[in-house]
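Down below is the structure, laid out as structure tokens.
The values are calculated or read from the model by the stated rules, or taken from the named source; none is laboratory data. Bear in mind the structure is a predicted one, so any value in this text is a computation, not a measurement. Glycine gets a Cβ as well: all are built from the backbone with ideal geometry, and neighbour counts include every protein chain shown.
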Amino acid sequence: MMFSNHDLKKLIIPLIIEQLLVVTVGFADTIMVSSVGESAVSAVSLVDGINILLINIFAALGTGGAVVAAQFIGQGAHEKAKFSAKQLILITAILSIIIMIIVIVFNGTLLHLIFGNVEIDVMKNAEIYFLFSAMSYPFIALYNSGAALFRAIGNSKISMINSAIMNAINIVLNALFIFGFHWGVFGAVLATLIARAIACLVILYMLSHSDNPLRIDDFRHWAWDGIYIKKILSIGIPSGLENGMFQFGKILVQSLIATFGTYSIAANAVSNNIAQMQIIPGTAMGLAMVTVVGQCVGANDYAQAKYYIKKIMKLTYVSMTIVIAVILMLTPFILPFYSLSSQTTDLAYQCIFMHGIIGAFIWPLSFTFPNALRAANDAKYTMIVSALSMWTFRFCFSYVLGQYMNLGLLGVWIAMFIDWAVRCVFFVWRYLNGKWMNRQLV
């Protein structure tokens, strides 16, 4: 077997810890920002919808690079794997800098176009947060690509350590800037910018280490190779479009939520924050799936690929059920930390409870499982399914249930659950019919 139980533990446990750190800093950020007021929480929530959209595009590039590198490693072609790693860093840097410049130039215009006439205080805070978030895009993009490369070789400990460094710096600076200097939203985003810059520099240094199988030994000379870039983008573009359309749809839905009032925006922000805790194991298992299945496919061993897909999915369901049960029990004690009104708190609790119960059954098949298909170079299929389901069910039903049936924020979340269920059906059908196999990329 290509991965022993010990190998899987070494890969998965650091990934879970890393995801826990990511969610924890988001939790701490929101609590600290909430001390400034609900308008600040709402502003951060609106802009983070755009930030997550762009960061997911960068992460999709990292996934493309990880799949290519993992398949080369499965073949035993280590020099090609190294070269593909350098091409990933090159294309990530170029794309992230272009996006950063666009966002800085059209900052306010984009926010007014997407979110319309939200309250003045919310928009003012949103413009500050968006501007400085844009400055951090190249850093988080390069960090994500570097972390994806380390995961491709089964070394998730490196990304875990870097995530710990980044999140520790973020939390400490958040506390200093918000509570010490009273900089509000600006303090929160400045802390994020500094933390991401440091994490980026650290992981790029680690990539150049002589012990790294995907070592980048020269950061001064870069050569564009269209063949390798095409391989990376053949996974990265469908994954990026899938994530991009998914997040863009969420942004448009957020513009609908904004019409429900500030309390709904704040409740949505807090609910999403705690919901992310519920899916920590599933997100980590999805990252592990790319490494494991990618290497199996590179070795042309689909029997092992199927074995590990089933094994990882079983682990996902068990771990997510346990985590969700614990978080649902703790939610009544967590919500008071956000200093929200009683109306906002009650609404947030309903969303969190629904997310936990329904997510335990269908979230893994909707989001962890399709990473197996992507790792086998079937990213176009997952993109088509996700896009059609997102726009047909999540987006349209949000308006039908939320606005026209007057269910408000709860209607938007119910539409999201319908979207998950549809994805499950099509992803499982694709796996069972076997059309995802024999589609090697390298």
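What's the total number of residues in segment 240-272 that are modelled with pLDDT of 85 or more and either touching a His at 6+ places or on another chain (Cβ under 8 Å) or within 25 Å of ALA375 (Cβ to Cβ) (or both)?
1
Filter segment 367-414 down to the residues that are among the basic types (Lys, Arg) and closer than 15 Å to LEU441 by Cβ, then identify the one that is surrounded by the fewest Cβ atoms within 10 Å (Cβ to Cβ).
Initially, segment 367-414 is screened for residues among the basic types (Lys, Arg), giving 374, 380, 394.
Narrowing the set further to residues that are closer than 15 Å to LEU441 by Cβ leaves 374, 380.
On the way: ARG374: 28, LYS380: 18.
If we take residues in segment 367-414 being among the basic types (Lys, Arg) and closer than 15 Å to LEU441 by Cβ, then LYS380 is surrounded by the fewest Cβ atoms within 10 Å (Cβ to Cβ).
For segment 386-442, give me the residue count where each residue is outside any helix (DSSP H, G or I) and more than 30 Å from ALA305 (Cα to Cα). Outline the logic, then answer.
First pass over segment 386-442, keeping only residues outside any helix (DSSP H, G or I): 405-407, 434-442.
Then drop every residue that is not more than 30 Å from ALA305 (Cα to Cα), which leaves 405-407.
The number of residues fulfilling the criteria is 3.
Give the residue that is farthest from ALA69 (Cα to Cα), with candidates limited to residues of segment 204-238 that are at pLDDT below 85 and in contact with a Ser or Thr (Cβ under 8 Å, 6 or more places away or on another chain).
Only one residue tops the list, namely PHE219.
Regarding PRO336, is this residue modelled with pLDDT of 90 or more and not hydrophobic (A, V, I, L, M, F, W, C)? Steps first, answer last, please.
Working: modelled with pLDDT of 90 or more: no; not hydrophobic (A, V, I, L, M, F, W, C): yes.
Judged against the criteria, PRO336 is not a match.
Is at least one residue of segment 358-367 in contact with a Leu (Cβ under 9 Å, 6 or more places away or on another chain) and either of a type outside the set (Lys, Arg) or within 30 Å of SER39 (Cα to Cα) (or both)?
Taking segment 358-367 and keeping what is in contact with a Leu (Cβ under 9 Å, 6 or more places away or on another chain), we get none.
Checking segment 358-367: not a single residue is in contact with a Leu (Cβ under 9 Å, 6 or more places away or on another chain) and either of a type outside the set (Lys, Arg) or within 30 Å of SER39 (Cα to Cα) (or both).
Determine whether ILE265 is under 17 Å from the mean Cα position of the chain (by Cα), under 25 Å from TYR399 (Cα atoms) and crowded, with 18+ Cβ neighbours inside 10 Å. Outline the logic, then answer.
Details: under 17 Å from the mean Cα position of the chain (by Cα): no; under 25 Å from TYR399 (Cα atoms): yes; crowded, with 18+ Cβ neighbours inside 10 Å: yes.
The answer is no for ILE265.
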